[in-house]
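Have a look at the structure below before the remarks.
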Amino acid sequence: MQVREVMTTQPVYLKENATIREVAQAMRNNDTGFEPLTDKKKVIGVLTDRDIVVRALAQGKNPDDLARSIATEKVLYTYQDVEIEDVVQNMKEQKVQRLLVLNNKTDKDLVGIVSLGDIADKCKDPELAKKVANAAGHYES
């Protein structure tokens with residue numbers, strides 16, 4: 001199974017000048033916990049709902065501050081034709097639960113987002129399910 005078979009397509013993304021409040025509103029409106037920030041065609045950062053709490057609130061940020069000030073700038077991604085087992089291993093190693101999905105190595109167009117939840121929802125292979133659960137356990141001490 002490849003990423004394209006499980007990913008969320010047509011991802012919502014926000015412009016680089018979005019505020020923390022706008023990101024939080026987009027998460028609420030789109031029922032997501034992850035939003036990419038873009039500068040025209042390039043993804044310049046990503047934010048999770050956890051970033052808003054841990055970075056923005058803990059640092060005393062104002063909701064009208066730029067979201068870019070708390071975004072993770074190291075953008076992790078995969079390609080839509082990558083095998084799911086490879087993606088799960090990558091997520092485990094990177095200690096993340098979501099990756100941006102790009103169409104191919106040449107164009108690098110953002111075409112989706114894949115999460116461990118997406119994979120788990122469509123997983124019918126018991127061995128893969130164990131790998132997904134193992135990758136999701138990285139937050140445990």
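Which net charge results when you count Lys and Arg as +1 and Asp and Glu as -1 among the other residues whose beta-carbon is under 12 Å from that of Ile20?
So the surrounding residues net to -2.
Pull out the extension gain between Asp39 and Lys95, defined as 0.36 nm times the separation in residues minus the alpha carbon to alpha carbon distance; nm, one decimal.
Extra length from Asp39 to Lys95 when fully extended: 17.6 nm.
Suppose every Lys and Arg Cβ carries +1 and every Asp and Glu Cβ carries -1, with no other charges. What dipole size does region 14-141 come out with about its Cα centre, to the nearest 20 debye?
I would put it at about 280 debye.
What is the set of long-range amide H partners of Gly45 at a cut-off below 5 Å, with H atoms built 1.01 Å from backbone N?
Amide H neighbours of Gly45, under 5 Å, 5+ apart: Leu37.
Using a 10 Å Cβ count of at most 13 others and DSSP loop calls, identify the longest part of the chain lacking such trypsin sites (Lys or Arg not before Pro).
1-39
Of Gln97, Gln89, Gln59, which has the largest mean-square fluctuation in a 10 Å C-alpha GNM of the chain?
Result for the chain, Cα springs under 10 Å: Gln59 fluctuates most.
So what is Rg over Rh here for the chain, counting just Cα atoms and using Kirkwood for Rh?
Ratio value, two decimals: 0.98.
Check Thr19: other-chain or 5+ apart residues with amide H under 5 Å from its amide H, H built from backbone geometry?
HN-HN under 5 Å from Thr19: Ala67.
Kindly flag which residue pairs out of Lys61/Lys108; Lys41/Lys124; Lys15/Lys105; Lys74/Lys131; Lys40/Lys105 have an alpha-carbon separation exceeding 28 Å in this structure.
The pairs that break the limit, which is 28 Å between Cα atoms, are Lys61/Lys108; Lys41/Lys124.
Just going by the charge dipole of the chain, with Lys and Arg at +1 and Asp and Glu at -1 on Cβ, which of Thr19, Ile84, Ile44 is farthest out on the positive end?
Thr19
Note the angle between two axes, namely the Cα long axis of helix 84-94 and the longest principal axis of the Cα atoms of the chain, as a number of degrees from 0 to 90, rounded to the nearest 10.
The angle comes out near 50 degrees.
Would you compute, from DSSP H runs of 4+ residues alone, the mean residue ellipticity of the chain at 222 nm, taking -39500 (n - 2.57) per run and dividing by the full residue count, rounded to the nearest 500?
-8500 deg cm²/dmol
Give me the number: length gained by fully extending Lys105 to Glu16, i.e. 0.36 nm times residue separation minus the C-alpha to C-alpha distance, one decimal in nm.
Contour length minus the Cα-Cα distance gives 29.7 nm.
Would you kindly derive the ³J(HN,Hα) couplings of region 40-45 from the backbone phi angles with the Karplus curve 6.51 cos²θ - 1.76 cosθ + 1.60 (θ = phi - 60°), listing them in order in whole Hz, with x for Gly and Pro?
Taking θ as phi minus 60°, the curve returns 6, 9, 9, 7, 9, x Hz for region 40-45.
Every number in this text was worked out from the coordinates using simple rules, so none of it is lab data. Note that the coordinates shown come from a computational prediction; the quantities given were computed from them, not determined experimentally. Every residue, glycine among them, receives a Cβ derived from its backbone with ideal geometry; neighbour counts consider all protein chains shown.
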